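The structure appears right after this line, and notes come after that.
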Amino acid sequence: MENRIINVGIIGGSLNNQWASQTHIPALKNNPSYKITAIGTSNIDTAKESAKILNATHSFTDYKELAQTKDVDLVVVSIKVPNHYDAVMAVLEENKHIYCEWPLAINTKQAEKMAQLANERNIHHAIGLQGRQSPEVNYLKQAIRQGDIGNIISCTMQVATQGKGAVTDEKSRYLLNEDNGATLLSINGGHSLDVLCYILGNFQELSATMNVHYTEAFVQETGKTTLKNTADQILI
């Protein structure tokens with residue numbers, strides 16, 4: 001029997017979107033098992049333009065309408081973290097399968113509600129911790145499992161990034177507000193710790209501390225400062 005093609009709607013699917021346009025869209029276009037049928041963005045003009053280029057039938061600015069579309073089986077949520085909960089819940093309410101970017105939500109309470117509803121409705125769901133799909137990561141995991149590089153008795157991981165300290169830009173400004181759930185700990189920390197545990201196994205015990213060295217950040221485009229309440233140094 002011929003495999004059924006899975007119709008995909010992308011919330012945040014504008015070709016101007018730096019993440020979806022460079023990751024999800026190329027992968028879906030090159031996989032014959034999937035067809036992009038709906039594009040949702042915050043601007044109807046970009047939604048229509050992107051849908052036209054991708055030969056998608058539908059374009060939306062309302063993710064609820066996208067989720068309700070009969071031509072969509074699976075929804076990819078690729079928007080800013082503060083909007084994940086409402087978008088994901090709208091999709092789950094329509095019993096559509098879902099792939100949501102990481103961080104999943106702004107806090108654990110939201111994430112638990114999303115997971116509970118997905119499980120209750122027997123909906124296939126995945127979170128974008130894409131490090132697990134990396135060929136290099138999987139090669140290392142396999143090498144350790146097979147004993148190719150000996151017995152691992154200790155490991156040190158250091159991660160550094162820009163835009164979450166004393167200098168930022170307008171696009172990254174929202175990352176400096178704890179309420180938005182897109183912090184140094186949740187994004188860089190979450191991805192990195194997930195890969196570490198995927199390769200070596202989960203923590204048995206730990207101690208951790210975080211520090212806010214800067215309570216303001218310089219915004220490059222405007223020359224003004226913005227308030228900052230997120231940690232910029234984390235030690236685990």
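The values are calculated or read from the model by the stated rules, or taken from the named source; none is laboratory data. Here the structure is a predicted model, which means the values were calculated and not measured. All accessible areas refer to the heavy atoms of the entire protein, side chains included, with ligands and DNA or RNA removed. Shrake-Rupley method; radii C 1.70, N 1.55, O 1.52, S 1.80 Å.
Scanning residues 5 or more positions from SER14 or on other chains, none has an amide H under 5 Å from its amide H, with H placed 1.01 Å from N in the peptide plane. When the residues HIS97, HIS24 are ordered by accessible surface, computed with a 1.4 Å probe over the protein chains alone, the sequence from largest down reads HIS97, HIS24. With helices as the sole contributors, the chain gives -8000 deg cm²/dmol at 222 nm; each DSSP H run of n ≥ 4 counts as -39500 (n - 2.57), and the sum is divided by every residue.
Backbone amide hydrogens, once placed in the peptide plane, bring ILE6 within less than 5 Å of TYR34, LYS35, excluding anything fewer than 5 places away on its chain.
Here the chain has 48 percent of its accessible surface on carbon and sulfur atoms, given a 1.4 Å probe and all protein chains in place.
Just tell me which lysines come within less than 26 Å, Cα to Cα, of LYS29; anything on the same chain fewer than 8 places away is out. Excluding near neighbours in sequence, the set is LYS48, LYS52, LYS64, LYS70, LYS80, LYS96.
Gaussian network model of the chain, Cα springs within a sub-10 Å range: biggest mean-square fluctuation belongs to which of ALA115, ALA87, ALA143? Looking only at ALA115, ALA87, ALA143, the biggest GNM fluctuation is shown by ALA143. Accessible area of THR222 (1.4 Å probe, protein heavy atoms only, ligands and nucleic acids ignored): about 70 Å². Straight-line reach from LYS228: taking Cα to Cα under 16 Å and skipping same-chain neighbours fewer than 8 places apart, the lysines in range are LYS164, LYS171.
Take every Cα pair under 8 Å whose residues are at least 6 apart in sequence, average their separation, divide by the length of segment 116-236, and the relative contact order is 27 percent. Along segment 126-133 the Karplus relation, 6.51 cos²θ - 1.76 cosθ + 1.60 evaluated at θ = phi - 60°, assigns HN-Hα couplings of 9, 10, x, 8, 6, x, 5, 8 Hz to successive residues, with x for each Gly and Pro. Phi-derived couplings, Karplus 6.51 cos²θ - 1.76 cosθ + 1.60 at θ = phi - 60°, listed residue by residue for segment 34-46: 10, 9, 7, 10, 8, 10, x, 9, 7, 10, 5, 5, 5 Hz, with x used for Gly and Pro. The figure for PHE218 is an accessible area of roughly 90 square angstrom, using a 1.4 Å probe on the protein chains alone. Using the 1.4 Å probe convention, the accessible area of the chain works out to 62 Å² per residue with neighbouring protein chains retained.
Across LYS52, LYS164, LYS171, the residue with the most accessible area heads the list, and the full order at a 1.4 Å probe is LYS52, LYS171, LYS164. Computed from backbone phi with θ = phi - 60° and the Karplus coefficients 6.51, -1.76 and 1.60, the 3J(HN,Hα) list for segment 142-158 is 5, 4, 5, 4, 7, x, 5, 10, x, 8, 7, 10, 7, 8, 10, 10, 10 Hz; x is used for glycine and proline. Comparing ILE127, ILE53, ILE39 in a Gaussian network model of the chain where C-alpha atoms under 10 Å apart are linked, the largest mean-square fluctuation is found at ILE53.
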